[in-house]
Amino acid sequence: MSLEHRKDERFEDIGRVDAQNLCVFPGVLVDISMLGCRIRFPAAFDVDMESDFELKITPARKYSLQNILLIGHPQWVKHEGESTEVGFKLLRSPGTRMLGTYVQKLALAEAEFEEEEEMLAQCAIV
């Protein structure tokens, strides 16, 4: 899915994702938003596109000390060698409120970073 078709902004992030009913190995969070996420798993496997999966996300960022428990429905799968990348649509989940807080913090961090980049670019011009 191209970025132009997304309803919300995705934030690049990293974290551990446990999805026991999908893959025995933990995956790595690639990006996340309120409506979806992308996860890379270190194994090649088939994904049941009709099932929903419990995703326990442990973000690596310091301002999220708790796991976020989400329910995801696969939207697409990409196999690359011995890895599998899955795009999920996030459904109403026990961790939806916690995800909202986390995404807000990611948005603030990105805005601060962009502001700093803009200030540095202005300093370079002078």
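Each value in this text was obtained by applying a stated rule to the coordinates, not by laboratory testing. Worth saying up front: this structure is predicted, and the values here are computed from it rather than measured. As a convention, Cβ positions derive from the backbone with ideal geometry for all residues, glycine included, and neighbour counts pool all protein chains shown.
Which whole-number percentage describes the relative contact order of region 3-55, with Cα contacts under 8 Å and a sequence gap of 6 or more?
Working: 78 pairs, mean separation 17.4, N = 53.
Dividing the mean separation by the residue count of region 3-55 yields 33 percent.
Report the label-to-label distance for LYS78 and LYS105 in nanometres (one decimal), using points 7 Å from each Cα along the Cα→Cβ vector.
Distance between the two pseudo-spin positions: 2.7 nm.
Sequence gap at least 6, Cα distance under 8 Å: using those rules, report the relative contact order of region 1-112 to the nearest whole percent.
24 percent
Looking at PHE53, LEU70, GLY100, which one has the Cα that reaches farthest to the positive end of the dipole of region 48-102 (charges on Cβ: Lys, Arg +1; Asp, Glu -1)?
Farthest towards the positive end: GLY100.
Looking at region 56-107 from every direction and averaging, what is the projected area of its Cα convex hull in nm²?
Averaging across all directions leaves 4.4 nm² for the Cα convex hull.
Would you tally the net charge around HIS73, using a Cβ to Cβ cut-off of less than 14 Å, leaving HIS73 out, and scoring K and R as +1, D and E as -1?
Values: positive: ARG38, LYS89, ARG92; negative: ASP48, GLU50, ASP52, GLU54.
Summing Lys and Arg as +1 and Asp and Glu as -1 gives -1.
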